[in-house]
Amino acid sequence: MAILLDVKNLQTRFDTEAGVVKAVDGVSFHINEQEIVGFVGESGCGKSVTQLSVMQLIPNPPGRIIGGEVWFDGKDLLKYERNGSEMRSVRGSKISMIFQEPMTSLNPVLTISEQIGESMQLHLRLNKADARKRAVELLSLVGIPAAESRIDDYPHQFSGGMRQRVMIAIGLACNPRLIIADEPTTALDVTTQAVLLELIKDLVKRFNTSLTLVTHNLGVVARYAQRIYVMYAGRIVEAGPTNEIFAHPRHPYTVGLLKCVPRLDQPRDKQLVPIEGLPPNLIKMPPMCAFLPRCAYRINRCEKSHWPPLTPVGEHHSAACFVNLEATLENDDK
Amino acid sequence: MRGLTRKMSSPVRSPFRRDLTGLKESDVTTYIVRRLLQSIVVLLLVSIFVFLAIRLMPGDPIKLMVYESNLTGLSPQQLADLRHEYGLDKPLALQYLDWLGGVLQGNLGISVFTKTPVAKEIFRRLPITFEIGLWSLLLSIVIGVPVGIISAVRRGTWIDQLVVTLSNIGVTIPVFWLGVILMLVFSLYLKWLPVMGFTPLTEDPGMHFKQLVMPVICSSLFSVAALARQTRSSMLEVMHQDYIRTAWSKGLNENAIIFKHALKNGLIPVITTLGLSARGIVGGSTVVETVFSIPGMGRLLVSAVSNLDYAYVQGIILIIAATVVAINVLIDIVYGWADPRIRYS
Ligand SMILES: Nc1ncnc2c1ncn2[C@@H]1O[C@H](COP(=O)(O)OP(=O)(O)O)[C@@H](O)[C@H]1O
Ligand SMILES: [Mg+2]
């Protein structure tokens with residue numbers, strides 16, 4: 001499988017009054033063609049900032065991408081000027097985004113037709129009538145009934161789930177190579193979540209699009225993603241194929257996350273335990289492993305060393321931890 | 001914004017309800033009809049209020065007129081006759097009803113001083129006041145809104161700082177003081193503009209506009225500054241909204257972001273400020289017309305109040321009130337046009 005997006009050592013910071021927030025601190029990952037890749041982690045650990053950095057959509061001020069490379073189509077996107085024409089020609093046409101907040105991500109004063117059609121007018125050079133016609137097609141494609149008659153409605157005339165369908169239509173409009181969906185269903189009720197995730201999965205499959213699926217729900221990635229990146233405190237702490245990570249988690253944080261997902265392969269009465277404590281404040285982080293204060297498996301070395309780099313623990317599996325978790329967990333079970 | 005509600009749909013609303021767009025046209029009509037009825041009530045209240053207020057002012061218009069016209073020496077009987085002639089001896093309620101009846105027939109009453117129907121004079125002067133008002137409003141929009149946009153888009157630059165400083169000064173400068181300074185600089189010192197006065201357009205267009213320059217600047221200063229400030233702050237707020245991020249993610253350029261996605265949202269709160277400005281300009285006409293000695297309605301009001309000229313004061317205030325009410329209705333309609341979320345209810 002060919003690599004579509006290759007991100008290397010990405011670093012993004014925010015200058016706030018309280019200090020510099022290292023929101024993304026040396027993140028590397030890649031997305032293959034036609035692959036669904038999950039990003040998981042608790043809220044505030046830098047998932048959104050990572051994805052926004054790929055598109056250079058970090059608000060400046062206060063945000064700054066201070067380092068790294070984002071290789072896409074043989075070009076390093078970070079070499080492009082932030083809102084320059086080259087960067088803009090990638091946004092919405094080759095990489096598009098679906099955001100978390102369906103209630104606020106659509107412009108309240110523009111019709112759905114305009115909001116779906118404008119990127120096609122821009123990138124595909126369609127005229128207004130053709131863009132509109134295709135907007136209607138897209139709208140029925142994402143499952144909005146009576147698309148023809150709803151195309152001139154405004155966002156407030158749609159429910160949250162329907163608005164998110166509109167966002168999906170916008171994301172698909174120019175037939176991008178990669179869609180980045182940042183918690184696309186978090187704001188919706190459980191039933192709608194499932195329906196929309198299925199829809200997204202079907203559509204990316206149908207159009208051979210790659211998908212980055214950001215979520216804080218491991219259950220969701222388990223179902224849809226082929227590979228997972230687990231993020232904690234602005235870094236990737238574990239990466240690997242989904243079934244491998246579910247079967248043999250190698251980072252205590254991943255273990256913790258797994259303990260809070262209901263699983264079919266385990267007895268129903270098994271307790272779901274949330275990870276104790278809170279994610280760290282990303283200002284003035286100590287040099288040690290960021291998960292240390294919450295870690296149940298810590299060893300002496302953790303407190304004395306600089307944070308552990310992501311190291312291979314299997315063929316496609318890597319984790320950033322000093323502890324040989326597999327051995328430890330086996331001992332626990334005995 | 002009484003009578004208007006912003007429709008926030010709940011996330012669980014059925015997607016199949018199609019009740020909104022279909023109803024809108026007729027909604028607007030009933031809304032306007034209801035607003036007109038409301039306006040009539042408001043105007044009635046204003047008329048009662050101004051009728052009583054002017055009569056609560058110390059002094060007697062007949063005595064004042066007699067004194068000012070050097071008619072001293074009239075006998076008490078003659079004074080009583082005069083009072084009777086203007087109906088000022090009747091009970092207040094009756095006087096009010098007489099006046100109201102006249103107003104409904106387009107007769108605003110007779111001035112005790114000039115002994116002529118006030119309507120004629122008021123409507124002769126009305127266009128002068130309205131002309132200054134319209135130019136001022138136009139100037140405020142044409143300058144205030146773009147300046148506010150530029151300031152927001154170039155936030156933190158020297159332009160922005162200049163705009164913020166000037167608009168803060170602009171909203172605090174007293175109009176009469178500015179008038180005097182302008183006269184000193186542009187008329188007496190630079191001799192670019194006539195000091196004061198008014199020439200009808202038909203008589204001498206050049207002079208007409210020259211004489212309007214300073215009055216228009218004075219009466220628009222506050223609203224230019226207020227509009228610039230409001231536009232700046234609401235544009236700044238809009239630029240941080242999620243839908244602007246969505247627009248950037250589509251690959252649009254900055255101009256499309258600002259003019260297509262941000263401006264209409266940003267201007268919604270500006271409409272309110274515009275309404276306030278329009279009302280301020282109408283009210284400020286008294287000062288500006290007095291300073292620049294312009295024979296408009298504002299100056300007429302000032303002299304009518306000091307003469308206790310009941311008919312003029314009542315007539316002018318009523319017309320100002322009607323203008324303000326009309327501006328309010330207009331503002332609400334513009335709101336509905338600008339913001340599709342607003343429903344008329
Ligand atoms: N505009 C911003 N200004 C300051 N800090 C920000 C901003 N956006 C994000 N951050 C910080 O970056 C960190 C990562 O945020 P984010 O990527 O949104 O987390 P999540 O994993 O929930 O998507 C958080 O600590 C957040 O406070
Ligand atoms: Mg997020």
Global size of chain A as Cα Rg and Dmax, reported in angstrom: 20.7, 68
Pair-distance profile P(r), taking every C-alpha pair of region B:227-288, with 10 angstrom steps and integer %: 22, 38, 22, 12, 5, 0
Per principal axis, descending, Cα span of chain B in whole Å: 87, 59, 36
Solvent exposure, largest accessible area first (probe 1.4 Å, DNA, RNA and ligands not counted), of A:E69, A:E35, A:E315, A:E148: A:E315, A:E148, A:E69, A:E35
Number of partner chain Cβ atoms within 10 Å, mean per residue of B:238-245: 5
Other protein chain Cβ atoms within 10 Å, averaged over every residue that makes up A:85-93: 3
Shielding by partners, peptide A:95-108 (average Cβ within 10 angstrom, other chains): 5
Calculated on alpha-carbon atoms, Rg and Dmax of region B:201-250 in Å: 19.8, 59
Hydrodynamic radius of region A:232-333 per Kirkwood, over alpha carbon pairs, in Å: 14.5
Proximal aspartates and glutamates relative to A:K284, as straight alpha-carbon distance under 15 Å, when same-chain residues fewer than 8 apart are discounted: A:D15, A:E17, A:D25
Accessible surface of B:L36 - all protein chains present, 1.4 Å probe, nearest 10 Å²: 90
Whichever lysines have a C-alpha closer than 27 Å to that of B:K90, once near sequence neighbours (fewer than 8 apart) are set aside: B:K63, B:K115, B:K120
Calculated [θ] (222 nm, deg cm²/dmol) that DSSP helices of n ≥ 4 give over chain A, each run adding -39,500 (n - 2.57): -9000 deg cm²/dmol
Ordering of B:87-94, A:229-236, A:54-61 by packing [mean C-beta count within 10 Å, highest first]: A:229-236, A:54-61, B:87-94
Ratio Rg/Rh [Cα only; Rh per Kirkwood] for region A:1-151: 1.01
Charge context of A:V142, other residues only, Cβ under 15 angstrom, K/R +1, D/E -1: +2
Scaled radius of gyration (Cα, divided by 2.2 N^0.38 Å) that region A:75-125 gives: 1.31
Using alpha carbons only: equivalent-ellipsoid semi-axes of region B:53-203, gyration tensor based, whole Å: 47, 21, 17
Between A and B, accessible area buried - total, square angstrom, nearest 100, 1.4 angstrom probe: 3000
Reciprocal of mean inverse Cα separation for region A:92-159 (Kirkwood radius, Å): 12.4
From the C-alpha gyration tensor of the protein assembly as shown, square roots of 5λ in Å: 70, 27, 24
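The values are calculated or read from the model by the stated rules, or taken from the named source; none is laboratory data. Given the structure is predicted, the values throughout are model-derived calculations rather than measurements. In this analysis, Cβ positions are derived from the backbone assuming ideal geometry, glycine residues included, and neighbour counts consider all displayed protein chains. When the accessible area is computed, the model is the full protein with side chains, heavy atoms only, and any ligands, DNA or RNA have been set aside. Shrake-Rupley method; radii C 1.70, N 1.55, O 1.52, S 1.80 Å.
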